[in-house]
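What follows is one structure encoded as C-alpha cells, with my remarks underneath.
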Amino acid sequence: MKFEFSAGGVVYKKSGGKTLILVSQHSQHHGWVFAKGLIGDHIKGESKEETAVREVKEETGILGKIIRPLTPVEYWYEFGGEKIKKRVYYFIMEYVSGDTKDHDFEMENVEWLEKARVLDRLTFPSDKKVWQEALKLI
C-alpha cells in the first residue's frame, strides 16, 4: 500500500452577474475534475498551498488566489496493481488571470461553467463532495 498527497483548487470568477467555476477533463481517464497535483513531485519543500496554485496554473492556464481551504478528501485507487490511498487538499481560489487555452497536456478540455451545471459535469465522488462544500462558501 502506498500513500499520496495532492493539492488543487476550486476556482471561481464573476462574469456578467454570474459566478463561473473552472472544471477540467483529464487527458488519461477523460473524467471531469478540479485541477490538482502531487505535493513535492516537482519542487522539494513546496507547501500544499504553493502546489495548489502551481498545479491549477499548469493544468488549466488559470492563475488563482487562495481564499480559503476546504476539508481534505481521501480515496483509494489502483495503479499498476498497487493500491494507493490519496489525500487531496483543495482550496477555494478566486480567478486572477490567465486563459484556459493555455492549459497543459494533462487536460484535454478546460471550461468555465455556471454553478448550477458543475455537479452534473463532475465525474468522481471525491470532486462532487468537494464541490458541495465549496458551493456553500462561494
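Annotations
- Selection within segment 1-26 - part of a loop (DSSP other than H, G, I, E, B) and either closer than 19 Å to residue 128 by Cα or free of Cβ contacts under 8 Å to residues at least 40 places away in the same chain (or both): 16, 17
- Of the candidates 73, 96, 33, the single residue that is free of Cβ contacts under 8 Å to residues at least 40 places away in the same chain and either closer than 21 Å to residue 120 by Cα or in contact with a Leu (Cβ under 7 Å, 6 or more places away or on another chain) (or both) is 96.
- Matching residues in segment 78-123 - criterion: being exposed (fewer than 11 other Cβ atoms within 10 Å of the Cβ) and closer than 19 Å to residue 26 by Cβ: 78, 79, 80, 101, 105, 120
- Test: residue in segment 40-62 that is surrounded by 14 or more Cβ atoms within 10 Å (Cβ to Cβ), of a type in the set (D, E, K, R), in contact with a Lys or Arg (Cβ under 8 Å, 6 or more places away or on another chain) and more than 23 Å from residue 5 (Cβ to Cβ): no
- Of the strands (runs of 3 or more DSSP E) lying entirely inside segment 56-138, those containing at least 3 residues that are more than 15 Å from residue 10 (Cα to Cα) are 73-79, 82-98, 107-114.
Quick note: the coordinates plus some simple rules give every number you see, no bench work behind them. Since we're looking at a predicted model, the values are computed, not measured. With ideal geometry, Cβ positions are generated from the backbone for all residues, glycine too; neighbour counts draw on all protein chains shown.
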